[in-house]
Amino acid sequence: MRIYILPIEFTDKNLLSSLLAALRDAFGLPVMILNRSFSLEGGRDPIRNQYNSTWILSRILEIAPDEDCKILGVAAVDLYVPVLTYVFGEAQLTGKAAVVSTYRLRDELYGLPKNPEKLKERLEKEAIHELGHTFGIIHCREPECIMYSTTYAEEIDFKSKNFCRVCSALLEENKKKS
Amino acid sequence: MNPKKDSRQVSILVVDDELSVRDSMTKWFVEDGYQADSAADATEALKKLKPGLWDIIFLDIKLPGMDGMELQQRIKAIDPNATIIMITAYASVDTAVKSLKEGAYDYVTKPVDPDYLSHMVANVVKQKRLLSENIQLREQIQELYEIDQIVGKNPAMLKVFDLIETVAPTDTTVMIKGESGTGKELIARAIHSKSSRRFFPIITVNCGGLTEGLTESEFFGHEKGAFTGALYRRKGKFEMADGGTIFLDEVGNIGAKAQTDLLRVIETKQFTRVGGDEFIKVDFRLICATNRDLELAVKEGTFREDLYYRLNVFSISIPPLRERRSDIPLLCNYFLKKLADSINKSITGFSSEAMEKLEAYHWPGNVRELRNAVERAIVVAKESCIGVSDLPIPPCPEGIPDDQSLEAMEKVHIKSILEQMGWNITRTAEVLGIDRATLYKKIEKYGLRK
């Protein structure tokens, strides 16, 4: 079992390399960059000017390597699911694919000065969170657990990068199953 | 806490004709730890509807076939406890407002802010849990204080029930008289639960356990620093009973100073905390109980006459169990039914010999003693029927005589021990703690025979 990071029209190499190390630490699995071309054009809603994350997940599955793995798409565009105004990311619960975007993790979107360090931290946390769903873990009520549900950017800063005791045990159990 | 550990999962049904809305909402809720399902139209929704099955139903206002408004009414008819949240497009907000008037909890406009959706669902869940806890607690309280808990068909007890019904709806002070174990507190709680004060507390003060020095602070509370050890301000029992009932058990045991304080608070309905100077007004109903002869105490000068008349406005006397023996089988079966389940034993009843013995015993500890005896018998019983050997009652074939003088009791007791020891004089004398010669004299004196 390995984890692939799939850059989706995403070019920030520094962010990708720090993400790679963070995922390796969090899941204890080999993590690699998957170099496949991926166009976002078909997932764009012209009225909302946002990108449908569910559509992105289905595209990821189409190009996924035929092996026991998890694939995390990393984008920089504004993501949505039809009923919600936006999402930070989406994942298949107990599945193969997940996606996150840096778009709403950036402080400058909220009128604050750029903060690359904070962006790096938030991206790592959201990526671990979404990949956690692919291992079958649902939201946790423990505010410090990485699987705690966060719906606005500052809230992400309050939780840690770690799984709580229960979620950690679930992760290990589900890793063995896959 | 993790939602995976919740014993009862919250269930959510999403009714929307758009597949993408159904999928994204159910996925969102499942990830949040809820049990979620969806329906594409009213027909499918109605098929999935059963009373109590769904805690929350998200309902699109515009549905093919039957619109959301009509479906809302159908859902309310099937499951009035389900919380309905309308889903609407911006254009149909007016209809959403109309649906609120019809009983929907709230509405969300598509697309909805994820933070708003999360909080809305969390609030509904919290509200529903509080409501269900509230109903559960009210039922438990009702069960605890119901007059049905006081068992008896004896005419003396029927009269007590009548008195409870008469006095409960009023605010009259009640004095309950009866021996220890007759259920005075149960009567006080029954009066409280049948009064308009039942949704406020009933505060019990056991005056028998209070020393003279402690009574004032217990009744009226104290300010911080009022005396050594008063580290915090503390409310007294009268303040805690505001709006409800205060039950003063063993009121005959309070000292002279407390009697004066009590008289004052009954008359003025206000007091100051110990060490304080602020007058606190309270609205309470007073119920007292005593097993002392207060009239005698008044005559002897140990209880204030004016206080006695203030407390003894409406008096209820509970007969001791030995004066209503006809209630013993009823009480035994009541306690058996109530206790056997909690002890997890399937006991069906009492043998006729055991019941005869229960009816013959004089029960100095009254109903409380009987309850404890039945509980013990259930625990030790090896058969499905409680037998004589399971009862914790000393053998006393003739029961306790009506004459309860020391001599009469001594006669019964000596006879009982003699029979237990098989008329072995040495062992009987040992048990009684007297020498054999004394025992012989007593056997002769009371005319005891094998």
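The residues of the stretch A:88-121 that are over 26 Å from residue A:169 (Cβ atoms) and part of a helix (DSSP H, G or I), listed by number, are A:103, A:104, A:105, A:107, A:108, A:109, A:110, A:116, A:117, A:118, A:119, A:120. Could you go through the stretch B:344-351 and let me know if any residue there is touching a residue at least 12 places away in the same chain (Cβ under 8 Å) and touching a Lys or Arg at 6+ places or on another chain (Cβ under 7 Å). The answer is no, given that none of the residues of the stretch B:344-351 is touching a residue at least 12 places away in the same chain (Cβ under 8 Å) and touching a Lys or Arg at 6+ places or on another chain (Cβ under 7 Å). Somewhere in the stretch B:299-313, is a residue part of a loop (DSSP other than H, G, I, E, B), touching a strand residue (DSSP E or B) at 6+ places or on another chain (Cβ under 9 Å) and closer than 27 Å to residue B:200 by Cβ? Yes, there is a match, as at least one residue in the stretch B:299-313 is part of a loop (DSSP other than H, G, I, E, B), touching a strand residue (DSSP E or B) at 6+ places or on another chain (Cβ under 9 Å) and closer than 27 Å to residue B:200 by Cβ. Mind listing whichever residues of the stretch A:1-28 are in contact with a Leu (Cβ under 8 Å, 6 or more places away or on another chain) and not in a helix (DSSP H, G or I)? Of everything in the stretch A:1-28, those that are in contact with a Leu (Cβ under 8 Å, 6 or more places away or on another chain) and not in a helix (DSSP H, G or I) turn out to be A:1, A:2, A:3, A:4, A:5, A:6, A:7, A:8, A:9, A:10.
Screening A:91, A:76, A:98 for residues that are surrounded by 24 or more Cβ atoms within 10 Å (Cβ to Cβ), more than 11 Å from chain B (Cβ to nearest Cβ) and within 22 Å of residue B:24 (Cα to Cα) leaves exactly one candidate, A:98. Would you please name the residue that is modelled with the lowest pLDDT, looking only at residues in the stretch B:171-195 that are buried (at least 18 other Cβ atoms within 10 Å of the Cβ) and of a type in the set (Gly, Ala, Ser)? Filtering the stretch B:171-195 for residues that are buried (at least 18 other Cβ atoms within 10 Å of the Cβ) and of a type in the set (Gly, Ala, Ser), the one modelled with the lowest pLDDT comes out as B:193.
If you go through the stretch A:145-155 and keep only what is closer than 18 Å to residue B:122 by Cβ and either outside any loop (DSSP other than H, G, I, E, B) or more than 10 Å from chain B (Cβ to nearest Cβ) (or both), you end up with A:148, A:155. Number of residues in the stretch B:422-450 that are among the hydrophobic types (A, V, I, L, M, F, W, C), part of a helix (DSSP H, G or I) and more than 22 Å from residue B:406 (Cβ to Cβ): the value is 1. Look at (1) more than 14 Å from chain B (Cβ to nearest Cβ); (2) in contact with a Lys or Arg (Cβ under 8 Å, 6 or more places away or on another chain) and you find that residue A:41 fails only one, number (2). Of the listed requirements (1) at pLDDT below 95; (2) farther than 23 Å from residue A:155 by Cβ, residue A:93 misses just one: (2). The criterion of at least 1 residues that are within 14 Å of chain A (Cβ to nearest Cβ) and farther than 30 Å from residue A:94 by Cβ is met by the following strands (runs of 3 or more DSSP E) wholly inside the stretch B:13-116: B:83-88, B:106-109. The criterion of being under 38 Å from the mean Cα position of the chain (by Cα), outside any helix (DSSP H, G or I) and either at pLDDT 80 or above or surrounded by 14 or more Cβ atoms within 10 Å (Cβ to Cβ) (or both) does not hold for residue B:159. Can residue B:77 be described as farther than 25 Å from residue B:114 by Cβ and either among the hydroxyl-bearing types (Ser, Thr, Tyr) or free of Cβ contacts under 8 Å to residues at least 12 places away in the same chain (or both)? Yes, satisfied. Scanning the stretch A:156-178 for residues that are in a helix (DSSP H, G or I) and modelled with pLDDT under 90 turns up A:174, A:175, A:176, A:177.
Kindly provide the set of residues from the stretch A:111-134 that are of a type outside the set (Val, Ile, Thr) and within 14 Å of chain B (Cβ to nearest Cβ), ordered by number. Residues satisfying the conditions are A:126, A:129, A:130, A:131, A:132, A:133. Count of the stretch B:238-259 residues, restricted to those that are within 24 Å of residue B:190 (Cα to Cα) and out of contact with any strand residue (DSSP E or B) (no Cβ under 7 Å at 6 or more places or on another chain), is 3.
One residue stands out in the stretch A:78-118 among those that are among the acidic types (Asp, Glu) and in contact with a strand residue (DSSP E or B) (Cβ under 9 Å, 6 or more places away or on another chain): the one that is nearest to residue A:58 (Cα to Cα), namely A:90. All of B:346, B:342 fail the test of being part of a helix (DSSP H, G or I) and of a type in the set (S, T, N, Q), apart from B:342.
Hey, any hits in the stretch B:266-280 for a residue that's of a type in the set (A, V, I, L, M), farther than 17 Å from residue B:309 by Cβ, surrounded by 14 or more Cβ atoms within 10 Å (Cβ to Cβ) and in contact (Cβ under 8 Å) with a residue 12 or more places away in the chain? Yes. Inside the stretch A:55-85, residues that are of a type in the set (Lys, Arg) and part of a strand (DSSP E or B) make up a count of 1.
Residue check: residue B:125 meets all listed conditions (1) closer than 15 Å to residue B:25 by Cβ; (2) among the aliphatic types (A, V, I, L, M); (3) within 14 Å of chain A (Cβ to nearest Cβ) but one, namely (1).
Of all residues in the stretch B:222-232, none are assigned by TED's automatic domain parsing to the domain that holds residue B:163, crowded, with 17+ Cβ neighbours inside 10 Å and at pLDDT 90 or above. For the condition at pLDDT below 95 and touching a Lys or Arg at 6+ places or on another chain (Cβ under 7 Å), residue A:26 does not qualify.
The values are calculated or read from the model by the stated rules, or taken from the named source; none is laboratory data. Just so it is clear, the model here is predicted, and its values are computed rather than measured. Note that we place each Cβ from the backbone using ideal geometry, even for glycine, and neighbour counts take in every protein chain shown.
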